[in-house]
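Novice: Have a look at this one before I ask anything.
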Amino acid sequence: MTLAHQFFAVAAGAVILGSPASGQEGEKPEIPADLVEDAHVREELAINEFTAPSIAKIFESLEALAPLPILKFQRDPAAKMPLNRADLAVELGFLIADGFLVVQAGELGKVEDLAADLTRYGKALGAGERVNRHAASLLESARKQDVPTLKMELANTQKDVELELVALRDADLAHLISMGGWIRALQVSSDAVANQFSEPRAKEIMREDIADYYSAIVGGLEPRISERPNFLAMRDIFAGLRTEMTMEDGQAPTKERVEEIHKQAAKLVELAHQRQEGP
């Protein structure tokens, strides 16, 4: 194990022993297997229990639904960043997800603004130096229209911020970044399926395992986050989505069910953007 790996192992160990959320409602749930990225490296860093689903893997699972209606769900960047770190983390997850949407839609002219926003949010979370490196590569890759590298840098942005948060004993925030990414992906993908419905397409978003994972994660956050009204409401919606997405043997997804999932995803987006004043 390298010196850097030893550092992060120690940092993660401190989080395991000292996190306010640990033991609160049992152990962290297992990440759905297809959303784990670089599992060997993460295990070597000893942060496998505190790592979060990869936003890159989330979007890989949605490639069958392309093209996704990014233009319909474009977001204007907030003029003012949130003061609360949990809100910063959720919104950073939205930004990384927006990056994958922009790249998939071929809207590479929007990468410059995205890179600037990623840099601002990364700095506010204490991971500015790491994010700066990826932002520079994003800009260069956009100029070269190098889509594979753009996707790789977006994935690495999440992983590097995650490492920094674990070292700072803010592992909960890593989960909130990933959660923001999935909420954004679900909002866009459920609309795509509702408007071009087929059973195979609908099955791509019937991920009760992911909904169940985030329901458990939100419930296990430290109380100053998990007991906020918007997070309580999000946990209820995740639990409801788990039921909505679960298909019994022989049962097929319907357009009506997909439309309901999209409706709940829109509520999650609205709740996720409710800010709390102060850190």
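Novice: Given R₀ = 51 Å, FRET efficiency for Arg75-Asp249 by Cβ-Cβ distance, to 0.05?
Specialist: 0.85
Novice: Between Lys203 and Val147, what's the calculated FRET efficiency when r is the beta-carbon distance and R0 is 25 Å? Round to 0.05. Mind showing how you got there, number by number?
Specialist: On the way: r = 26 Å, r/R0 = 1.06.
E between Lys203 and Val147, to the nearest 0.05, is 0.40.
Novice: Between Lys263 and Arg133, what length comes free when the chain is fully extended (0.36 nm per residue of separation minus the Cα-Cα distance, one decimal in nm)?
Specialist: On the way: separation 130, 0.36 × 130 = 46.80 nm, distance 3.72 nm.
Contour length minus the Cα-Cα distance gives 43.1 nm.
Novice: Now for a different question. If we sort 152-159, 261-268 on the protection proxy, mean other Cβ atoms within 10 Å, highest first, what's the order? Walk me through the numbers before you get to the answer.
Specialist: Values: 152-159: 23.1, 261-268: 19.8.
Sorting 152-159, 261-268 by mean packing, highest first, produces 152-159, 261-268.
Novice: Based only on other Cβ atoms within 10 Å, what is the fewest-to-most ordering of Asp34, Asp87? Mind dumping the intermediate values first?
Specialist: On the way: Asp34 15, Asp87 24.
Taking fewest neighbouring Cβ atoms as first place, the list is Asp34, Asp87.
Novice: While we're looking at this one, here's another question. Could you tell me which of rounded, prolate or oblate describes the stretch 93-134, using a ≥ b ≥ c as the square roots of the eigenvalues of the alpha-carbon gyration tensor, with rounded for a/c under 1.5 and, failing that, prolate when a/b is larger than b/c and oblate otherwise? Numbers along the way, then the final one.
Specialist: Values: a/c = 2.71, a/b = 2.05, b/c = 1.32.
Prolate shape, in that a/c is at least 1.5 and a/b is the bigger ratio.
Novice: Figure the gain on full extension for Arg169 and Ala64 (residue separation times 0.36 nm, minus the Cα-Cα span) and round it to one decimal in nm. Write out the running numbers ahead of the final one.
Specialist: Details: separation 105, 0.36 × 105 = 37.80 nm, distance 3.69 nm.
Stretched fully, the Arg169-Ala64 segment lengthens by 34.1 nm.
Novice: Turning to a different aspect of this structure: Between Glu256 and Gln196, what length comes free when the chain is fully extended (0.36 nm per residue of separation minus the Cα-Cα distance, one decimal in nm)? Numbers along the way, then the final one.
Specialist: Values: separation 60, 0.36 × 60 = 21.60 nm, distance 1.26 nm.
Between Glu256 and Gln196, full extension yields an extra 20.3 nm.
Each reported figure results from applying straightforward, stated rules to the coordinates on display, with no laboratory input. This is a predicted model, so every value here is computed, not measured. Every residue, glycine among them, receives a Cβ derived from its backbone with ideal geometry; neighbour counts consider all protein chains shown.
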